Amino acid sequence: MTTLKEILSVPQFKGLELINKNGDLSSEVTNLDITENNDIKNFTSENSFILTTGVLFQESQAGLKRLIKDLNDIHTAGLGIKVSRFLHEIDPEVIAYADELGFPLIEIPEGWNLGEITHEISSFISDSETGKLNYALHIQQELNQLLIKGFSIKSMIERMSKLLGVPIILFDPFKVPEAVSHHYQQNKKLTRAHINYFHNHYHEYLEQDKNKQVFENKDHIIFKVLGYTYFPYYLMVSQVDKLSYPFSLLTIEQVVSVLSFALYKNTKIEEAEQNDINRFFESLVNNRSDQALSIKKHADLLQQYHIYRSNYYQIIICAIDSENTLENSYYINERQQLTLHWLKHKLTDIDSYTSIYRLPSNDRFAILLQSKHQYYYDYLQQIQQEYPKHFDGNISFGIGNEVTEFTQLASSFFEANEAYENALLNNQREFISDYHSKDIKELLQLIPKEKLQPFVKHTLGPLSHPSTKKDSELKQTLQVYMDSQCDITKTAEKIYIHRNTVKYRINKCSNMIGTNIEDPIHSLNIRIALYVSEIMDFE
């Protein structure tokens with residue numbers, strides 16, 4: 001893209017001068033047209049640089065104002081006027097009007113022929129675009145060599161900055177600087193100013209149009225860099241007014257292309273390495289490892305998987321709340337991967353010994369705390385509040401109990417999953433659920449009714465479903481007798497009958513059931529059967 005500013009900076013065209021101080025020279029010039037008519041707007045195109053002697057306006061420059069308005073309306077690059085030929089000077093009113101529009105008026109020297117200057121500028125534009133293309137390809141080749149040799153993203157950003165001579169920042173998908181050029185290392189004021197500019201403008205110009213790849217103004221250019229499809233990085237080149245030939249937007253486009261590939265490559269390498277760590281951890285906590293590992297004997301091995309020697313371990317299960325709507329599988333995978341990175345950033349900033357894993361079996365996340373934190377519950381609440389700022393959706397947590405031994409990791413993992421699943425069963429969303437041990441009722445509810453019903457009938461016989469009032473009284477007496485630890489006196493007092501009546505009824509129950517009620521094994525079965533028959537409906 002060749003601009004008027006570039007043309008005026010070339011020694012070959014040093015005779016061209018800007019007449020109005022507020023004329024915008026940043027417009028692209030694609031071609032030139034010569035005119036002595038006032039209806040040129042119907043015969044020229046956008047980004048044209050219009051040349052004229054002004055012969056039509058030597059009597060009155062009111063028509064010149066109309067011409068400026070017409071050319072500005074169709075977004076031409078500017079108007080070049082051979083002032084000394086017919087006009088001698090431009091009226092201040094015309095200059096003020098052009099300044100108001102920001103439309104550039106260029107004075108052409110008396111001795112210059114309009115035909116010749118049209119040819120020379122056109123040739124310059126053609127040669128300039130070829131030069132810019134060659135320069136852009138040169139930059140791309142140089143960065144490709146850095147990529148092939150394994151140089152880091154930070155090294156590539158620094159090299160690009162030195163080639164262009166301006167500050168550059170690469171922002172990650174969370175809008176945090178990933179890599180910065182040397183301009184910012186000793187200049188915190190400049191760093192804050194440019195980061196603030198980015199945060200104030202990327203929403204306005206990039207997120208309103210999801211397909212827009214670049215935003216530019218006179219000071220900064222912001223490019224989307226597609227390391228991820230749905231969660232792009234952003235490259236901001238600043239002080240663009242200092243850039244000169246052969247720089248062009250094409251140069252940055254080539255850089256963005258190389259950076260996109262480099263980021264994608266790094267992402268896939270990191271993902272493969274993380275998958276190995278994830279599989280090891282899930283196998284460990286599910287007791288599927290080939291051999292029993294000891295934190296003492298295998299400390300070096302376990303450290304490779306971010307497990308350290310400690311007297312405190314606690315596992316928290318984290319997952320994104322499911323939605324009823326269909327979601328793009330590529331988006332879901334990218335969101336899972338970025339969520340893992342985000343959780344690592346949030347939690348390891350608090351404690352570097354906190355480890356996070358993405359579980360292959362169900363795509364949930366396991367957070368392993370390896371030191372005690374009094375306020376970890378508050379951290380989880382803060383994470384829940386911040387998550388929707390970066391991703392669509394919400395996240396929930398299930399918390400297992402703390403354990404003191406490495407060998408008890410599986411227990412905390414099981415409890416964390418139980419806590420999470422229990423909250424899901426209750427249709428909760430965006431929850432933080434602690435593990436609570438199950439009582440006998442909850443445990444029995446885990447057994448299918450079709451398996452409990454034969455047990456109850458076999459254990460209680462006719463008393464499992466009393467068909468008469470007398471049988472119901474017998475079952476009630478048996479229930480109270482068991483609850484009273486087989487104490488006849490206490491049973492009689494609770495149901496207001498004589499002790500002998502209790503004895504009679506218990507003997508009757510024993511005969512109907514066909515077992516010795518006071519036998520410890522039979523007594524336990526009877527207690528469970530009575531409890532199940534009361535809390536469950538088998539009809």
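The values are calculated or read from the model by the stated rules, or taken from the named source; none is laboratory data. Nothing here was measured: the structure is a model prediction, and the numbers come from that model. Positions of Cβ are generated from backbone atoms using ideal geometry, with glycine treated the same way; all protein chains shown enter the neighbour counts. Accessible surface areas use protein heavy atoms only, side chains included; no ligands, DNA or RNA. Shrake-Rupley method; radii C 1.70, N 1.55, O 1.52, S 1.80 Å.
Filter region 495-515 down to the residues that are among the β-branched types (Val, Ile, Thr) and either open to solvent by 60 Å² or more (accessible area, probe 1.4 Å) or out of contact with any Ser or Thr (no Cβ under 6 Å at 6 or more places or on another chain) (or both) and list them by number. Break it down stepwise before answering.
Going through region 495-515, the residues among the β-branched types (Val, Ile, Thr) turn out to be 495, 497, 501-502, 506, 513, 515.
Answer for region 495-515, where residues must be among the β-branched types (Val, Ile, Thr) and either open to solvent by 60 Å² or more (accessible area, probe 1.4 Å) or out of contact with any Ser or Thr (no Cβ under 6 Å at 6 or more places or on another chain) (or both): Ile495, Ile497, Thr501, Ile506, Ile513, Thr515.
Among the listed residues Glu473, Glu450, Glu518, which satisfies the condition of being open to solvent by 90 Å² or more (accessible area, probe 1.4 Å), among the acidic types (Asp, Glu) and touching a helix residue (DSSP H, G or I) at 6+ places or on another chain (Cβ under 9 Å)?
When all the criteria are applied, what remains is Glu518.
Can you find a residue in region 27-36 that is in contact (Cβ under 8 Å) with a residue 12 or more places away in the chain, aliphatic (A, V, I, L, M), in contact with a Ser or Thr (Cβ under 9 Å, 6 or more places away or on another chain) and within 22 Å of Glu89 (Cβ to Cβ)?
Yes.
From the set of residues in region 89-127 that are closer than 24 Å to Gly63 by Cβ, of a type in the set (Gly, Ala, Ser) and surrounded by fewer than 16 Cβ atoms within 10 Å (Cβ to Cβ), which is modelled with the lowest pLDDT?
Once the filter is applied, the top-ranked residue is Gly115.
Those residues that are of a type in the set (S, T, N, Q) and either more than 21 Å from Gln314 (Cβ to Cβ) or touching a residue at least 24 places away in the same chain (Cβ under 8 Å) (or both), I need them from region 408-421; list them, please. Outline the logic, then answer.
Applying the first criterion (of a type in the set (S, T, N, Q)) to region 408-421 yields 408, 411-412, 417.
Correct list: Gln408, Ser412, Asn417.
If you take the residues of region 8-51 that are farther than 23 Å from Ser126 by Cβ and among the polar types (S, T, N, Q), which of them is farthest from the chain's Cα centre (by Cα)?
Only one residue tops the list, namely Asn37.
What residue, among those in region 1-41 that are among the small types (Gly, Ala, Ser) and in contact with a strand residue (DSSP E or B) (Cβ under 9 Å, 6 or more places away or on another chain), is nearest to Trp112 (Cα to Cα)?
Ranking the qualifying residues of region 1-41, first place goes to Gly15.
Considering only residues of region 430-447 that are of a type in the set (Val, Ile, Thr) and open to solvent by less than 80 Å² (accessible area, probe 1.4 Å), which is modelled with the lowest pLDDT?
The qualifying residue modelled with the lowest pLDDT is Ile447.
Among the residues of region 332-385, which ones are among the hydrophobic types (A, V, I, L, M, F, W, C) and open to solvent by 60 Å² or more (accessible area, probe 1.4 Å)?
Filtering region 332-385 for residues among the hydrophobic types (A, V, I, L, M, F, W, C) gives 332, 338, 340, 342-343, 347, 350, 356, 359, 365-369, 380, 383.
Residue satisfying the conditions is Ile350 alone.
Just give me the residues in region 72-88 being closer than 25 Å to Thr2 by Cβ and open to solvent by 30 Å² or more (accessible area, probe 1.4 Å), in sequence order.
Asn72, Asp73, Ile74, His75
At least 2 residues that are within 26 Å of Ala299 (Cα to Cα) in each: list the strands (runs of 3 or more DSSP E) lying fully within region 309-420 that qualify.
Answer list for region 309-420: 314-320, 355-358, 365-369.
Within region 407-429, is there a residue that is modelled with pLDDT of 85 or more and among the β-branched types (Val, Ile, Thr)?
Yes, region 407-429 contains at least one residue that is modelled with pLDDT of 85 or more and among the β-branched types (Val, Ile, Thr).
When you look at Ser84, is it assigned to a helix (DSSP H, G or I) and among the hydroxyl-bearing types (Ser, Thr, Tyr), yes or no?
yes
What do you reckon, is Ile50 part of a helix (DSSP H, G or I), surrounded by 20 or more Cβ atoms within 10 Å (Cβ to Cβ), touching a Leu at 6+ places or on another chain (Cβ under 7 Å) and touching a residue at least 12 places away in the same chain (Cβ under 8 Å)? Talk me through it step by step, then tell me what you get.
Values: part of a helix (DSSP H, G or I): no; surrounded by 20 or more Cβ atoms within 10 Å (Cβ to Cβ): yes; touching a Leu at 6+ places or on another chain (Cβ under 7 Å): yes; touching a residue at least 12 places away in the same chain (Cβ under 8 Å): yes.
No.
If the Cβ limit is 7 Å and pairs must be 6+ apart or interchain, which residue in region 492-506 that is over 11 Å from Thr477 (Cα atoms) pairs with which residue that is modelled with pLDDT under 90?
Within 7 Å, the pairs are His498/Ala492; Arg499/Ala492.
Starting from residues that are in contact (Cβ under 8 Å) with a residue 24 or more places away in the chain and out of contact with any Asp or Glu (no Cβ under 8 Å at 6 or more places or on another chain), keep the ones in region 388-404 and report whichever is nearest to Ser322 (Cα to Cα).
The qualifying residue nearest to Ser322 (Cα to Cα) is Asp392.
Kindly indicate the residue of region 305-334 that is under 16 Å from Tyr387 (Cα atoms) and acidic (Asp, Glu) and also modelled with the lowest pLDDT among those meeting that condition.
Applying the filter and picking the extreme gives Glu323.
Considering each residue of region 189-199, count those that are exposed (fewer than 14 other Cβ atoms within 10 Å of the Cβ) and at pLDDT 90 or above, and give that number.
So the answer is 4.
Output the residues belonging to region 200-233 that are assigned to a helix (DSSP H, G or I) and either surrounded by fewer than 17 Cβ atoms within 10 Å (Cβ to Cβ) or at pLDDT 70 or above (or both).
Asn200, His201, Tyr202, His203, Glu204, Tyr205, Glu207
Could you say which residue among Leu478, Leu443 is farther than 22 Å from Phe365 by Cα and touching a helix residue (DSSP H, G or I) at 6+ places or on another chain (Cβ under 9 Å)?
Sole residue among the options that is farther than 22 Å from Phe365 by Cα and touching a helix residue (DSSP H, G or I) at 6+ places or on another chain (Cβ under 9 Å): Leu478.
Starting from residues that are among the aromatic types (Phe, Trp, Tyr) and under 26 Å from the mean Cα position of the chain (by Cα), keep the ones in region 391-412 and report whichever is nearest to Arg309 (Cα to Cα). First the steps, then the outcome.
Of the residues in region 391-412, the ones among the aromatic types (Phe, Trp, Tyr) are 391, 397, 406.
Restricting the remaining residues to those that are under 26 Å from the mean Cα position of the chain (by Cα) gives 391, 397.
Details: Phe391: 34, Phe397: 25 Å.
Of everything passing the filter in region 391-412, Phe397 is nearest to Arg309 (Cα to Cα).
For Tyr97, all conditions in the list (1) in contact with a Lys or Arg (Cβ under 8 Å, 6 or more places away or on another chain); (2) closer than 27 Å to Asp241 by Cα; (3) assigned to a loop (DSSP other than H, G, I, E, B) hold save one; what is the number of the exception?
Just one mismatch for Tyr97, condition (3).
Could you check region 145-168 and list, in sequence order, the residues that are closer than 11 Å to Leu259 by Cβ and modelled with pLDDT under 85?
Leu146, Leu147, Met160
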